[in-house]
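Inspection log for the structure reproduced underneath, given as structure tokens.
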Amino acid sequence: RGGAAAPAAAALARHLGRVATTQVRAVGSWAGNLALAAAHPALPSDVAVLLVGVGASLTVIDRTGLRRGGGGGGLRTVSVSEYLSCGPRSAASLLIVALRLPLASAGGRAGSLAACFADKVSSRHANSHALLNCCLALRTGKGGAVAAVGGAFGGLVSSGTWAVPLSAASRLVGAAPSDEAAMRGFIAELVQQAAKAVESDAGSASDIGHLAPHEYRLSLVASFAYKLLLSAQGSPLPPRLASAVAGSLAAAADRPVSCGTQSIGVSDASLAPVSLPLPKLTSLLQASGEALYSSDEPSVAGELCGAFVLAPDGSAGASFCGADWSATLASPGVVDVVSAADFPNPAANATAAADSNCYPFYLHPVGSPLPCVGAPVAVVLADSLSHARR
């Protein structure tokens, strides 16, 4: 509480309250989350983004040597950014011993921490991965001029966290935090470099563009950067600006612990155990993470992934007039497009619909009325789920 570290500590603590759910946070750990992020770079880990954003470092030891009876290579210090980028195999061999958070500076070249902003946008308030998250920090030096600005974004590229580039930071360094021209230059350069990173990532097999449109994520980059600069203006801000940096209603501190009760009566006790409440048979496997789903199975040679093509907004009640799939078939990784016309027996289309609960057709044929927005009209088959969805 209080002190030079208070702004950053408050921002980090608030954001950590939005990681997953209370139950997940109760059994998880920050080190485990970092290990998960190192093994799966495309995961927009809130913990990884926060620690990279504030320039945190780790004390690690190579456990490969420990298993062999050696000294493990001794303790060494690496930045969180270096740990995440060393590759899944190398990260798996490192045992995290300690974490250092440089939340406050004792002066010098780094300057003192003037503002720290962390936020994320996700599909749900809780238990949902971020579409885009960030942790940004601004430090000031003598005279209040900006000495350094940095941070990281998650969910922008599939290769992991994306750091604020020096070309953007240089637009602010040396200027006052309230210099409007410097602020505009910083945001414009940041968005331009982010757009280049997104464009470069769009062609990769693990492109995450299907999670949220690129344009939307770039608009969030500008919005988050603007909120960092507002946070550096001090308080009180004018009412029309203060709401931009107000705490998110999705944070744990703003949401009371939910509770509820359920009473299930037995209609006739003589029929027991019929009508008695029973636990879901697969609940223990699912809650422990041991349950296996289709996506958990290892890929096999020649495997194809499918993605439904759905009727767009405004199409409910209209007749499906067909589509030109030539552009889709020419897209990277796409193998074929399956439509209602590909069913050898048209009756099988209706039978499949009944089996999967999507009446009246599994894939709506040309000329049929579309019952709702999102009605399936085709399936795109491709060599990866990302290619199929894109």
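Points to keep in mind about this one:
- In the range 333-347, the residue that is farthest from the chain's Cα centre (by Cα) out of those that are hydrophobic (A, V, I, L, M, F, W, C) and surrounded by 13 or more Cβ atoms within 10 Å (Cβ to Cβ) is PHE343.
- With respect to the conditions (1) under 20 Å from the mean Cα position of the chain (by Cα); (2) crowded, with 19+ Cβ neighbours inside 10 Å; (3) of a type outside the set (Gly, Ala, Ser), LYS196 falls short on a single one, namely (2).
- All conditions but one from (1) more than 21 Å from GLY155 (Cβ to Cβ); (2) surrounded by 15 or more Cβ atoms within 10 Å (Cβ to Cβ); (3) modelled with pLDDT of 90 or more apply to ALA37; the one that does not is (1).
- The requirement of being free of Cβ contacts under 8 Å to residues at least 40 places away in the same chain and either farther than 18 Å from LEU12 by Cα or surrounded by 19 or more Cβ atoms within 10 Å (Cβ to Cβ) (or both) is satisfied by PRO165.
- Hey, SER128 surrounded by fewer than 17 Cβ atoms within 10 Å (Cβ to Cβ), in contact with a strand residue (DSSP E or B) (Cβ under 8 Å, 6 or more places away or on another chain) and not hydrophobic (A, V, I, L, M, F, W, C) or not: yes
- Note on the range 223-254: among residues that are under 21 Å from the mean Cα position of the chain (by Cα) and part of a loop (DSSP other than H, G, I, E, B), the one that is modelled with the highest pLDDT is GLY247.
- Of the residues making up the range 359-390, those that are closer than 22 Å to SER319 by Cα and crowded, with 17+ Cβ neighbours inside 10 Å are PHE361, TYR362, LEU363, HIS364, LEU370, ALA375, PRO376, VAL377, ALA378, VAL379, VAL380.
- Considering residues of the range 348-358 that are open to solvent by 50 Å² or more (accessible area, probe 1.4 Å) and not in a loop (DSSP other than H, G, I, E, B) only, the residue nearest to LEU310 (Cα to Cα): SER356
- Positions within the range 57-85 being crowded, with 16+ Cβ neighbours inside 10 Å, in contact with a Leu (Cβ under 8 Å, 6 or more places away or on another chain), at pLDDT 90 or above and of a type outside the set (A, V, I, L, M), in sequence order: SER57, TYR83
The values are calculated or read from the model by the stated rules, or taken from the named source; none is laboratory data. Remember, predicted model here, so these are calculated numbers, not experimental data. Positions of Cβ are generated from backbone atoms using ideal geometry, with glycine treated the same way; all protein chains shown enter the neighbour counts. The protein model used for the area step is the full one, side chains on, heavy atoms only, and it has no ligands, DNA or RNA in it. Shrake-Rupley method; radii C 1.70, N 1.55, O 1.52, S 1.80 Å.
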